[in-house]
Amino acid sequence: MKHPVRSDFHAAVTEAGVTMTFKPMNSAYSFYRLANADDIARLGPISFAGVQHAGRDTEDYPSDEVRDMAQRIASELAASVWSVQDEKEADRSTLRRYSIGGDDDVIE
């Protein structure tokens, strides 16, 4: 029996979720992004949505190990990527409140 390793996966992170491709079997594991703070605190930033196998399941790999590793990697990546995006959005929001160049900034 083979065991999955981190390098067996390819990740695609979007605003809506994460797709992890298990390269040895070309299986795609999909995870949705959670938005509710209580859900995130309880479950982490993502929730398992489903898997699509290109071939016959995970063959020589234990399917629970593959899914667990896919979810662990997806969760780490999502937390990292989305926290940076959230910080950038917060910065933009702050800058909008302090915009320069409004009508009251005219110097005569």
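Of note:
- From the list 11, 74, the one residue that fits, being part of a helix (DSSP H, G or I) and modelled with pLDDT of 90 or more, is 74.
- Any hit, the stretch 36-50, residues being on the phi > 0 side of the Ramachandran plot and in a strand (DSSP E or B): yes
- Residue in the stretch 31-83 that is most open to solvent (accessible area, probe 1.4 Å), counting only those that are touching a residue at least 60 places away in the same chain (Cβ under 8 Å) and within 14 Å of residue 8 (Cα to Cα): 65
The values are calculated or read from the model by the stated rules, or taken from the named source; none is laboratory data. Since the structure is predicted, the reported quantities are computational estimates derived from the model, not experimental observations. Cβ coordinates were reconstructed from backbone atoms using ideal geometry, including for glycine residues, and neighbour counts include every protein chain displayed. Heavy atoms of the whole protein, side chains included, go into the accessibility calculation; ligands, DNA and RNA do not. Shrake-Rupley method; radii C 1.70, N 1.55, O 1.52, S 1.80 Å.
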